[in-house]
Amino acid sequence: MNVLHISSGKVLTVQIESITEEDYKQIKRSVYYFDWKREKEHNVFKLSLLDDSHIIGLISLKNIDSEERIEIRLLAVSKENRGRSKIFEGITGNLIAFACRDAINRYGSNGCVSLYPKTALRQHYIDKYGFIDSGYHLYIEAMPMFQMIKKFEL
Amino acid sequence: MSIKKLTKKYTSEELADAFIFRSTLSPEEEVIAAEQLKLARLKSRENLTDNQRLYANVLQLRFMIEDYLKSNQFNQELSFGNILRKYIALNYKINKKFASDIQLDETELSQLLNNKRMPSEKTIVRLEIHSNNLIPAVSWYKLVEKQHEHLLSTDQQLRDQQAVFVKNKLSLL
C-alpha cells in the first residue's frame, strides 16, 4: 500500500491499523472533521505512513454479516490532505481498497462494500473507484473490487 | 466547519477525495435502500463467472494466510497441510488431479496434506505458479517456517533425546 507525495513525486509505503483508545485522544474534529468517538462501536481504522504515528486518514466500517456486506459509515483524510494543496494522493483509495480486502476476507466471492453518498459526490465515487449505483446506495463487488485491491496492492 | 462551508471551500471532486459522510437517510428510506441494494446485487451475482468466483476465493485464502502470519499465535487449523487442503478444494474434486498438475508424487502430496513432511522449495514455487502468482511462494514458505518454529519451541521429546549429547552445560543462575 502506497501514497504519492505530491510535491516530491515520491511513492511512500503506508499502513492501516485498528484504532486504539489512545488514538481517540489525539483525533480532533478540527483535523479529521467528524466526531470519531461516535464510531467507537464500529470498526475504525487509521492510515499512516509506515513507522509514523501521524494519522492521515480514518475509516469506520460496519460489518453486516447477514448480507455479506461491509458498509463504509465514515471516511476522512486529515485536514492538510484536502483540496488543491493536499500533501498526499491516494489516501481515500487505500482506505476503500482496505474495506474491499476486508469484505473478501470475510465473505469471499459474495463480499460487497457499500456506502451512502452525498448526491453531489455520487458520480465521483463511481468514476474514481468503480462503485455501482443501486439507488440510495453505491456498492462495489467482484471485478471492480478485485481491481481496487490490485491497484492499491493489498 | 459545516458541510455548507466545506462545499464552498472545496469542489465536489475534492470532497469525494477527502470524505465519505454519514448517512442521513430516515429508517424508512434505509429499508428501501437495503431492498434496492439486494436486487442490484442479485443481478450482479448472476453475471459472476466461475473464474471470478475462483479468483475471489483464492484471494480470500491469501488474506487468511497473510493475517495468520502477522499474528503471534500458532494455529494447527492453519498449518501448511491444512491451508494446502483448502487451496486444492477451491478448484479440484480429487487430489490426484492436482498432484498431476504440479507434477508431485501422490504419496508426497498426501504426506504434505497430513503434515507428515514439509514441502521443498521447488514445490512451494510450483504452488505460486499454479495460483497464477496470487499466493506468493514467500507466503507458503512463511507458513512452513511458522510451523517449524512451533515444533522447535514445543518438542520436549527432542530436547530429552538431545540432552544426553551435551556436556559441561553452562552453570547459570
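For region A:2-151, lysine pairs separated by 8 or more sequence positions, or belonging to different chains, with Cα-Cα distances below 19 Å total 23. Between the beta carbons of A:Glu67 and B:Met118, assuming R0 = 35 Å, the FRET efficiency works out to 0.30 to the nearest 0.05. Computed from the C-alpha gyration tensor, the three semi-axes of the ellipsoid equivalent to the protein assembly as shown are 43, 27, 17 Å, from longest to shortest.
Taken across both chains, chains B and A shield about 4300 Å² of accessible surface from a 1.4 Å probe. A compact globular protein would have a Cα radius of gyration near 2.2 N^0.38 Å; the ratio found for region B:33-134 is 1.32.
Once region A:1-57 is represented by equal point scatterers at the alpha-carbon sites, with solvent omitted, what log10 I(q)/I(0) does the Debye formula produce at q = 0.13, 0.25 Å⁻¹? So the normalised log intensities are -0.37, -1.05.
Computed over chain A, relative contact order equals 20 percent, with contacts defined as Cα pairs under 8 Å that lie 6+ residues apart. Ligands, DNA and RNA are left out, and with a 1.4 angstrom probe the accessible area of chain B is 67 Å² per residue. Inter-chain Cβ neighbour count for A:134-146, averaged per residue, equals 6 (cutoff 10 Å, partner chain atoms only).
Using the alpha-carbon centroid of each, what span in Å lies between region B:149-171 and region B:24-99? Computed from Cα coordinates, the inter-centre distance equals 42 Å.
Of the DSSP H helices in chain A, those that are both long (alpha-carbon extent of 20 Å or more along the helix axis) and hydrophobic (Kyte-Doolittle mean at least 0.0) are A:91-107.
Gyration tensor analysis over the Cα atoms of region A:62-154 returns equivalent ellipsoid semi-axes of 22, 15, 12 Å (largest first, whole Å).
Per residue of peptide B:112-123, the mean number of Cβ atoms on other chains within 10 Å of the residue Cβ is 0. List residues of region B:31-66, by number, whose backbone nitrogen lies under 20 Å from a label position 7 Å along Cα→C-beta of A:Arg106. Taking a point 7 Å out along Cα→Cβ of A:Arg106, the residues of region B:31-66 whose backbone N falls under 20 Å are B:31, B:33-42, B:45, B:56-66. Solvent exposure of region A:2-151 amounts to 44 Å² per residue of accessible area, where only protein heavy atoms count and the probe is 1.4 Å. Considering region A:2-151, its Cα convex hull presents a mean projected area of 9.2 nm².
If you take the beta carbon distance between B:Asn75 and B:Ser100 as r and set R0 to 35 Å, what does 1/(1 + (r/R0)^6) give as a FRET efficiency, to the nearest 0.05? Present the calculation step by step, with values, prior to reporting the outcome.
Values: r = 30 Å, r/R0 = 0.86.
Once rounded, the FRET efficiency stands at 0.70.
In terms of packing, defined here as the mean over residues of other Cβ atoms within 10 angstrom, the peptides A:97-110, B:108-121, A:139-152 line up highest first as A:97-110, A:139-152, B:108-121. As a length-normalised measure over Cα pairs under 8 Å and 6 or more apart, the relative contact order of chain B settles at 20 percent.
Determine the share of the protein assembly as shown's accessible area contributed by carbon and sulfur atoms, expressed in whole percent, with a 1.4 angstrom probe. The partial results should precede the final answer.
Numbers: 9320 of 18450 Å².
Roughly 50 percent of what the probe reaches on the protein assembly as shown is carbon or sulfur.
Estimate the FRET efficiency between A:Asp23 and A:Glu153 by the formula 1/(1 + (r/R0)^6), using the beta-carbon distance for r and 25 Å for R0, to the nearest 0.05.
With R0 = 25 Å, the Cβ-Cβ based efficiency is 0.55.
The values are calculated or read from the model by the stated rules, or taken from the named source; none is laboratory data. None of the values given here were measured: they were computed from a predicted structure. Neighbour counts run over all protein chains shown; Cβ positions are idealised from the backbone, glycine included. Protein only, heavy atoms only, side chains kept; ligands, DNA and RNA dropped before computing areas. Shrake-Rupley method; radii C 1.70, N 1.55, O 1.52, S 1.80 Å.
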